[in-house]
Every structure is written in structure tokens, then in C-alpha cells.
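Worksheet: the structure to be examined is printed underneath.
The values are calculated or read from the model by the stated rules, or taken from the named source; none is laboratory data. The structure displayed is predicted, hence computed values, not measured ones. Positions of Cβ are generated from backbone atoms using ideal geometry, with glycine treated the same way; all protein chains shown enter the neighbour counts.
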Amino acid sequence: MLRLATCKYIEQGHHIILEGASGNGKTWIANALGNAACRKFKSVRYVQMPELLDDLMIAKGTGTFKKVIRSYQKMDLLIMDEWLIRCLSPYEAYDLLEIIEAKTRHGSMIFSTQYGIKNPDRSDKAVD
């Protein structure tokens, strides 16, 4: 944890996946790392995946989709809680991919999830 608190993973463009059962402290750890990044003057945004998907759906309806996508992309650290809490539609998966691809070029992401690679029902749908 001390090494992660240095935030070098952000400068190096590495991502973090916090996987575990509900109540194990994944969100607490993600927020602690977000606070450490703020203390290093990094831009940080925390969002739960359902909220992000709602933001994107509303933005499509109001014509502000690209602006909303950019607001997520430009953060040094984007913390996405409740990752894969539900299955994604193909459109939602594509929208999330736009954000994730941009984060591979600038900054990092922290994914907090109850479902990981070992759960093929969730992870395959996210990759498709």
C-alpha cells in the first residue's frame, strides 16, 4: 500500500484492479489511493459504474456525449467502483472502451469489482 500511495503507477500508466466480496474494503482502498493522488496534485474522479453509464446515456440524449467522455478521459486517475456490477449492452461496452483506451494513453484507472476474470459470465460480456 505504501508503494501505491506514492502514485508512481499513475505516472507509469498502470491500472489497479481491486477484486473481492462485498464489504471487504475495496471502495475504502480505492478512495484512499484517490486521496493519496490528490495530495500529489493529481486530478481524480470517483464514479460508480451504473452512475457512469447513466451519465453517458443522458449525454447522448442532450448532445454532450463527447464532452462527458472527455471529462472522464482527462483525469489523471479515474476510480470506477462497482465495475461489472451488471452485464453491459454492446453500446455501453463500446462507450466504456473509449474511456479505457484513452486512459491507456494518459493516466490510470482503479477498478473495484466483485466479479473478476474468474467469473466468465461477467468478464466475457465486458470483453465482447
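Worth pointing out:
- Restricting segment 36-50 to residues that are surrounded by 13 or more Cβ atoms within 10 Å (Cβ to Cβ) and part of a helix (DSSP H, G or I), the residue that is nearest to the chain's Cα centre (by Cα): Met49
- Any hit, segment 82-92, residues being in a helix (DSSP H, G or I), within 9 Å of the chain's Cα centre (by Cα) and either closer than 23 Å to Ala59 by Cβ or at pLDDT 90 or above (or both): no
- Evaluating Tyr115 against the criteria (1) in a helix (DSSP H, G or I); (2) at pLDDT below 90 leaves one unmet condition, (1).
- Selection status of Met109, in a loop (DSSP other than H, G, I, E, B), at pLDDT 90 or above and surrounded by 13 or more Cβ atoms within 10 Å (Cβ to Cβ): no
- Residue check: Ser89 meets all listed conditions (1) surrounded by 15 or more Cβ atoms within 10 Å (Cβ to Cβ); (2) farther than 20 Å from His14 by Cα but one, namely (1).
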